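Just below is one structure, and these are the notes that go with it.
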Amino acid sequence: MSLAASLLYASGRAPVSSTVDTLAARLRAGLGSDRVSVAITARRAASADYAFLSPVLTDALPSSFADVVAYPRSVDELAAAVELAGSLDVPIVPRGKGTGNYGQAVPLAGGLVIDLSGMDGVLELGDGWVQAEAGATFVALEAAARRVGQEMAMYPTTIGSTIGGFLAGGAGGIGSIEHGLLWDGFVVSLTVVTPSGTLFPRGDECLPYLHAYGVTGIIASATVKLAPMRERTGVVASYETFEAAVAAGKALLALESAPRMVSIDDPSLVSLYAPEDWLPPGRYSLRALVDKGFDPSGLGGRVELVSSEAMGHLTTLAFNHVTLRAKKARPDLCHLQVGGAALVSQADAVRAALPGGLLHLDGMGRDGFGGLLLSEFRDTATLYEGVAHLRGLGVFVVDPHTWMLGGPALADIRATAQANDPKGLLNPGKLVPSTS
Ligand code: FAD
């Protein structure tokens, strides 16, 4: 029995089976029977994400799943589904493509999962912006932008994921060197469906909906930033030393016309990737997306590849795709998301903080790198001792081994969730209980 079911029984309300049956019947009546499923395969498929990348989450995440799945095709259908579930006090979890890494999309209390991937229209484009439904993928968004001489300012390496899921569950990615993270003006406006009604935040009013796992409301559509399109190419170089690779990476970050991506790997990490002529063993690898016409001869090291065809492939060797690829070769690995100047200035100490540490860097702005520290997973105690040590070194660590929301925006998220969803139905179990 799901947690929601237990709670409904405990509160003396109607048994959950009748609540679920009622909800499913009302959803079918409101949205149409093809927009609702209680089939076990659909419920399971709608209840998992990439939390399996974390050995800690793999053990700790409860194996709970949706009681009902709805597939709205319009804001009205989404609003109707939220209203119906809200009237029955059923938990509601929005879902894009389920590529989040932290168990964010797992319905810990069961209830209704709303799969937004069918609301995938690219609605309108203007100079510097695109408006799209929440389920629009980055493949569709980038294609639409390029048709009018523009490009997405930023997107995650999971290009098949949705704009709604990225805004609610991601942070940054390709394009972040020039345009920053989600919180840096990427979002122009939103349409948000909540149990209290539909809202239309603009500018800074959108902040409590970013990386909030849907607890403050369900993004129905979003207007986000575009940039003028530039023709680019992929460049790969290799180096004998970390210092030489970082020096070349920094030179790229400082280019007047910013690269869309700069990544650097330790040789031991390179050895875990599928072999390529341009990934020579035993050397540090630098990969970048730069403007076409860029002259790589000033990069030092050895230029291994210049190819616009390789750009897609190169983006899948950046950000958390690195974890995915490395774990295929070495399932014993686990990852931490890390940032700060110490990644470069104290790289050896950073690697030594955890057993068999392997360092991956991604350019995150004009003046520095974030990245991943992969290491052999022994146990949770060793992992968190390592995290404490890293923080002592001045490394900024985002813990990818928890489904709980955190970070500096937490108070704002909590206050907005309380206002928009006083019954706490939206994605329950993801907000740390308030101590005040
Ligand atoms: P989902 O996983 O379905 O949902 C993510 C969260 O948002 C969940 O809590 C869900 O409940 C909520 N949600 C979904 N849709 C909505 C909505 N419409 N309204 C409100 N809440 C909603 N992230 C990055 O930031 N940058 C990267 O480069 C990156 N690379 C990745 C690489 C790999 C291999 C993997 C596995 C993950 C990566 N991620 C990255 C994380 C994730 O893929 C992205 O953030 C992605 O954009 C999430 O979109 P999704 O459609 O899969 O969302």
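The values are calculated or read from the model by the stated rules, or taken from the named source; none is laboratory data. Remember, it's a predicted structure, so these values are computed and weren't measured experimentally. With ideal geometry, Cβ positions are generated from the backbone for all residues, glycine too; neighbour counts draw on all protein chains shown.
List of remarks:
- Residues that are under 19 Å from Leu431 (Cα atoms), surrounded by fewer than 24 Cβ atoms within 10 Å (Cβ to Cβ) and in contact (Cβ under 8 Å) with a residue 60 or more places away in the chain do occur in the range 40-49.
- Among the residues of the range 106-157, just one is among the aromatic types (Phe, Trp, Tyr), touching a Phe, Trp or Tyr at 6+ places or on another chain (Cβ under 7 Å) and more than 27 Å from Thr41 (Cα to Cα), namely Tyr155.
- When Tyr155, Tyr209 are checked against the criterion of being within 13 Å of the ligand (Cβ to nearest atom), free of Cβ contacts under 8 Å to residues at least 60 places away in the same chain, under 15 Å from the mean Cα position of the chain (by Cα) and closer than 25 Å to Gly407 by Cα, a single residue qualifies: Tyr155.
- Looking only at residues of the range 129-138 that are within 16 Å of the ligand (Cβ to nearest atom) and touching a residue at least 60 places away in the same chain (Cβ under 8 Å), we find that the one that is surrounded by the most Cβ atoms within 10 Å (Cβ to Cβ) is Ala134.
- The residue of the range 77-99 that is surrounded by the most Cβ atoms within 10 Å (Cβ to Cβ), among those that are of a type in the set (A, V, I, L, M, F, W, C), in a helix (DSSP H, G or I) and more than 10 Å from the ligand (Cβ to nearest atom), is Val82.
- Unique match (being in contact with a strand residue (DSSP E or B) (Cβ under 8 Å, 6 or more places away or on another chain) and under 15 Å from Asp421 (Cβ atoms)) among Val75, Val90, Val56, Val69: Val90
- Residue in the range 103-114 that is under 20 Å from the mean Cα position of the chain (by Cα), surrounded by fewer than 22 Cβ atoms within 10 Å (Cβ to Cβ) and either at pLDDT 95 or above or aliphatic (A, V, I, L, M) (or both) present: yes
- Test: residue in the range 114-128 that is assigned to a loop (DSSP other than H, G, I, E, B), under 23 Å from Leu27 (Cα atoms) and within 13 Å of the ligand (Cβ to nearest atom): yes
Quick grid of which residues meet (1) surrounded by fewer than 18 Cβ atoms within 10 Å (Cβ to Cβ); (2) modelled with pLDDT of 95 or more; (3) outside any helix (DSSP H, G or I); (4) touching a His at 6+ places or on another chain (Cβ under 8 Å):
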residue: Leu181; (1), (2), (3), (4): no, yes, yes, no
residue: Cys206; (1), (2), (3), (4): no, yes, no, no
residue: Tyr213; (1), (2), (3), (4): no, yes, yes, no
residue: Ala220; (1), (2), (3), (4): no, yes, yes, no
residue: Val224; (1), (2), (3), (4): no, yes, yes, no
residue: Val236; (1), (2), (3), (4): no, yes, yes, no
residue: Leu252; (1), (2), (3), (4): no, yes, no, no
residue: Ala258; (1), (2), (3), (4): no, yes, yes, no
residue: Ile264; (1), (2), (3), (4): no, yes, yes, yes
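- Within the range 76-97, residues that are closer than 16 Å to Leu31 by Cβ and assigned by TED's automatic domain parsing to the domain that holds Gly165 have Cβ atoms under 6 Å from residues that are at pLDDT 95 or above and not hydrophobic (A, V, I, L, M, F, W, C) in no pair, counting only partners at least 6 apart in sequence or on another chain.
- Test: residue in the range 238-246 that is assigned to a strand (DSSP E or B) and more than 30 Å from Thr194 (Cβ to Cβ): yes
- Ala288 among the small types (Gly, Ala, Ser), surrounded by 15 or more Cβ atoms within 10 Å (Cβ to Cβ), over 26 Å from His179 (Cβ atoms) and in the same structural domain as Tyr384 (by TED's automatic domain parsing): no
- Hits in the range 59-93 (condition: charged (D, E, K, R) and at negative phi): Asp59, Asp67, Arg73, Asp76, Glu77, Glu83
- Selection count, the range 305-324, where residues are assigned to a loop (DSSP other than H, G, I, E, B) and away from the ligand (no atom under 15 Å from the Cβ): 3
- Of all residues making up the range 166-186, the number that are more than 21 Å from Arg202 (Cβ to Cβ), out of contact with any Gly (no Cβ under 8 Å at 6 or more places or on another chain) and within 11 Å of the ligand (Cβ to nearest atom): 4
- Some residue of the range 384-396 being away from the ligand (no atom under 16 Å from the Cβ), closer than 23 Å to Ala318 by Cα and within 22 Å of the chain's Cα centre (by Cα): yes
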